[in-house]
Amino acid sequence: MNWHEPSCLEHANEELEREQLTGSREQNGERGEMRAEAGEGVMQEEVMANNVQARCIDDLEYDQVMNMTFDSVEDAELFYFVYARAMGFGIRRSDRKYYDDGKTRYRKWLCCREGEREERWKTMENRMREAKVVPRVKCKACFRIKYDLPSSKFIVTEFLREHNHTLATPSTAIFLRAHRNVSDADYAHAYALRRVGTRTSQIMKLFALEAGGYDKVNFQNKDLYNKIERERKNEIIHGDAEGAIAYLQGKKDLDNDFCYKYHTDSENRLMRLFWADSQSLYDYKCFGEVLVFDSTYKTNDYNQPLVVLCGVNNHFSTCIFACCLVSNEDEEAFDWVLQTLVDANGGKKPISIITDGDPAMKKVIKNIIPEARHRLCSWHLQRNAKYNANKAFMKRFSSCMHNNWSPQRFEREWEKAVIECGIQDSEWVKSVYKKRDKWATAYLRDHFFAGMKSTQRCEKMNDVLKIHLTGELKLFEFMRAFDLGVAAIRHEENRLIAETEQTSLLPTTDMPWIEEHAAEIYTRNIFLIV
């Protein structure tokens, strides 16, 4: 009997191949376009094929197997794999020999429960953890082929079908290691979902939903976790930092204006990494007069802060000028970041900078851009007031911060608020008053800040990035995930452009011609503000 002759056993072979190729069809769009009716049809077809497979194997006689011939070792292995799956046991490869020309001389496969555990592991004392289960029971079942020179085929020379253990049922055979495999197509699907922030456990649920149940999926949760972790290690096999830098170099190869720079310590460890693409550099050229500096978001496995350098564009939405990973938040690191930003943009410096109040950043601004107007984040100041002053002072503090008063009136209102709230002796109040020229509108109203008073631009951007970034990411993975987050921000900007260009507002005044002219000059968001 030839394995390639039409037979009911060949139907089992075709069924196995169809299962292995399912991922390829799904990768071409069948996953996303699955319908309930179509899903039921596929499930019925698989059930019928499995029934045919089981019936054929049950009817297969010993002499039929011994008379089989195969064109290749792969064909023989596929047969025994199908046979083992239908009968309820797993297989593993055993010895193999070759001719001098490299062609296989013979090949043997064993039951996965062949052999036994070494005695020293059975009698081991002072175990640090619970002993593993014993899967091997000296089962002698096997399948062996050899190459027949006259026929140029592989023939069966040994086939032991009796097992000394209980065989698995169809519902438990899926837990045998030999029959669990994450196909390339399944991994590609899981990989894409992981990149957009889907957890592995949720991906497994999706596979089960699409297949019609967990018993229809050819792997378990643990297999998927292991596959993903193994591929992660392969991606950074030459080093995580090297992989991240290689990724940035690849982006530079595609974008001539892409800029990146890194700094290492005496032990060649990556300490700082700066990058900005052509769009970021262009945005800085157009809107870089006001810079928002934030370094509070830690987004990778090394707990390194992500320094976001951003601003606001002509749609009054966030635009990213550059990003940087630093090993620590000190004056030296911030000095390097700010100087690198200026150098990457041909020496252009911002005229106004908003920060969260880091003392190191204050010194850096004074050293590198002394002419820039420094503003402290209003949100951080109000949060600090909540913990350092009483509730009565909170509202008065907000008024002093945001009202467009003259400096003289600010001084009167501040003194009045401090006295009436009884916080004259508060060290925090005295400290924040000394810095009033960096947060009070009364002292900042003659300076341009593009309508911004806090670093919330960065915070809102972080909310978008959190969808794609997690603290477990390696640097290489972080780079790719960050690009997705930035793409989402820029996609929103494109939506605003389309809204401005493709729609118009109804006039709301008695001078519609003026409104129409203003709408042609301003973007939609700026028009509504004006």
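The values are calculated or read from the model by the stated rules, or taken from the named source; none is laboratory data. This one's a predicted model, so the numbers in the text were calculated from it and none came from an experiment. Every residue, glycine as well, gets a Cβ built from its backbone with ideal geometry; the counts of neighbours run over all protein chains shown. Heavy atoms of the whole protein, side chains included, go into the accessibility calculation; ligands, DNA and RNA do not. Shrake-Rupley method; radii C 1.70, N 1.55, O 1.52, S 1.80 Å.
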message: Using a 1.4 Å probe on the protein heavy atoms, what percent of the accessible area of the stretch 322-362 belongs to carbon and sulfur?
response: 46 percent
- request: Mind scanning Lys416/Lys453; Lys227/Lys474; Lys252/Lys363 and naming the pairs with a C-alpha gap bigger than 22 Å?
  value: Lys416/Lys453; Lys252/Lys363
task: Would you please name the chymotrypsin sites (Phe, Trp or Tyr not before Pro) within the stretch 200-235 that are DSSP coil residues with at most 16 other C-beta atoms within 10 Å of their C-beta?
output: none
field: Per residue, in Å², the accessible surface of the stretch 319-374 once ligands and nucleic acids are set aside, probe 1.4 Å
entry: 38 Å²
- request: Hand me the GluC sites (Glu not before Pro) from the stretch 359-450 located in a DSSP loop with no more than 15 other Cβ atoms within 10 Å, in residue order please.
  value: Glu371
statement: Over 20 Å (Cα to Cα) among Lys391/Lys430; Lys285/Lys349; Lys97/Lys146; Lys140/Lys222; Lys395/Lys430; Lys366/Lys435 -> Lys140/Lys222
query: In units of 2.2 N^0.38 Å, what is the alpha-carbon radius of gyration of the stretch 244-295?
result: 1.35
task: Whenever you get a sec, compute what percent of the accessible area on the stretch 68-190 sits on carbon and sulfur atoms (1.4 Å probe).
output: 49 percent
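Ordering Lys285, Lys474 by how much accessible area each has at a 1.4 Å probe, largest first, what is the list?
Lys285, Lys474
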